[in-house]
């Protein structure tokens with residue numbers, strides 16, 4: 001954390017896996033767009049450390065999968081354009097959890113609208129959220 005950081009970011013292993021999968025699938029041949037994507041995601045993670053509650057045009061509170069909501073946590077989804085990609089695959093999503101009391105942001109999953117129309121399956125999301133919340 002730097003002096004201006006208010007939150008820590010602790011990406012879940014699922015976030016890291018989904019990130020690598022996106023890079024491999026969409027940016028294997030387009031090196032310039034890959035670098036733009038890597039910089040973009042790095043910027044998002046830096047932003048989350050200072051101000052994880054984004055303006056509505058970029059991010060919003062996300063409904064919890066059934067039976068997973070817990071006091072002191074907020075589930076958010078960010079929308080962004082994937083560099084160099086058109087169509088539904090170019091509509092990026094990043095789901096993350098804010099643990100307010102601990103001041104930790106857990107990036108959960110990064111994906112495209114083409115991969116999941118709304119979001120990843122409820123059961124899998126619930127499992128990942130419980131995992132993050134149990135780290136406290």
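Read-outs throughout are calculated quantities, based only on the coordinates presented, and are distinct from any laboratory measurement. Here the structure is a predicted model, which means the values were calculated and not measured. All Cβ positions, glycine included, derive from the backbone under ideal geometry; neighbour counts span all protein chains shown.
The table for this structure:
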read-out	value
Cβ-based exposure ranking for 101, 91, in which fewest neighbours within 10 Å come first	101, 91
Ellipticity estimate at 222 nm from DSSP helix runs (n ≥ 4, -39,500 (n - 2.57)) divided over the chain, nearest 500	-11500 deg cm²/dmol
Contact order relative to length of the chain, as percent, for alpha carbon pairs under 8 angstrom and 6 or more apart	28
Shape of segment 47-124, Cα gyration tensor, a/c cut at 1.5	oblate
Top of 90, 42, 67 by mean-square fluctuation, Gaussian network on the chain, Cα under 10 Å	67
Within a Gaussian network of the chain (alpha carbon springs, distance under 10 Å), most fluctuating of 41, 105, 95	41
Rounded to 10°, Cα long-axis angle of helix 13-27 versus longest principal axis of the chain	10
Per-residue Cβ neighbour rank within 10 angstrom, fewest leading, 78, 133	133, 78
Alpha carbon centroid spacing (whole Å) that separates segment 83-136 from segment 1-74	8
Nearest 10 degrees, 0 to 90: helix 122-133 Cα axis against the chain principal axis	60
Angle in degrees between helix 31-50 and the longest Cα principal axis of the chain, rounded to the nearest 10	20
Footprinting exposure proxy for 76, 109 (fewest neighbouring C-beta atoms within 10 Å first)	76, 109
